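Below: the structure, in structure tokens.
The values are calculated or read from the model by the stated rules, or taken from the named source; none is laboratory data. Remember, predicted model here, so these are calculated numbers, not experimental data. Here the Cβ positions follow ideal geometry from the backbone for every residue, glycine too, while neighbour counts run over all protein chains shown.
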Amino acid sequence: MFGTRLFTFFTAALAGSTIVSAMAAGPVVARSPGSGAVEAIAAKRQTSIEDQTLPIIQKLVSDTAPSISSIKALTASGSVTQDEVTPLIQQITASLNTAAASLATVDPTGITVRSLMERQDSPTATALAAFIQDLATALDGLLNFLDTLPLLGGLLSGLDIALNQVLLGLSILLAGVLNLLSRLLSNVSVLLSNLALGLTLGTLGL
């Protein structure tokens, strides 16, 4: 009997000591992941998307480089014909359509839109901006030969549609990318306007 009472006394004392210690330590607060952890997760997701979009734009650049170079060579020669230009612009347009189709297969699941909007750089945007500037510069040279290029307007219209699809595809995957492109291409807006690429200008807000 005495042993039972002694056990009960020590058990109660131990419980009381535990409660007092817990009260002294203060309340337990559930902590959410810190902002640094959230930003790290968002950055990882961004990198994953860029890893998929950048190769698509790089392939577009490599596929169209021969045609763009040929257009530059033709304008430099001072002699440009419709038969020479048509297949070159058609090839560029086809490559743009291929790039747009490839972008449509990229899964945007899990993208942190707010974090992407705050981005100040993007390898994909940088590569595409350089491509658009090179393309616009080459095509602008053709405007000096409008007398021999009666179908140029229609070809540029088709190219404008295809390029705009690439821009729209990227805007779905990388929120804020259009703002980046707009800043990177601010000095090319006159060329795009000369070429009557209205859809591209509108999407970029130029």
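Among the criteria (1) within 20 Å of the chain's Cα centre (by Cα); (2) without any contact (Cβ under 8 Å) to a residue 24 or more places away in the chain; (3) more than 20 Å from LYS59 (Cα to Cα), the one ALA101 does not fulfil is (3). Taking each residue of the stretch 165-192 that is within 21 Å of ASP140 (Cα to Cα) and looking for partners that are charged (D, E, K, R) and surrounded by fewer than 19 Cβ atoms within 10 Å (Cβ to Cβ) with beta-carbon atoms closer than 7 Å, six or more apart or interchain, yields LEU191/ASP140. Restricting the stretch 149-193 to residues that are at pLDDT 95 or above and of a type in the set (Val, Ile, Thr), the residue that is farthest from ALA76 (Cα to Cα) is VAL166. From the list LEU168, LEU180, LEU192, LEU163, the lone residue that is surrounded by fewer than 19 Cβ atoms within 10 Å (Cβ to Cβ), assigned to a helix (DSSP H, G or I) and of a type outside the set (Ser, Thr, Tyr) is LEU168.
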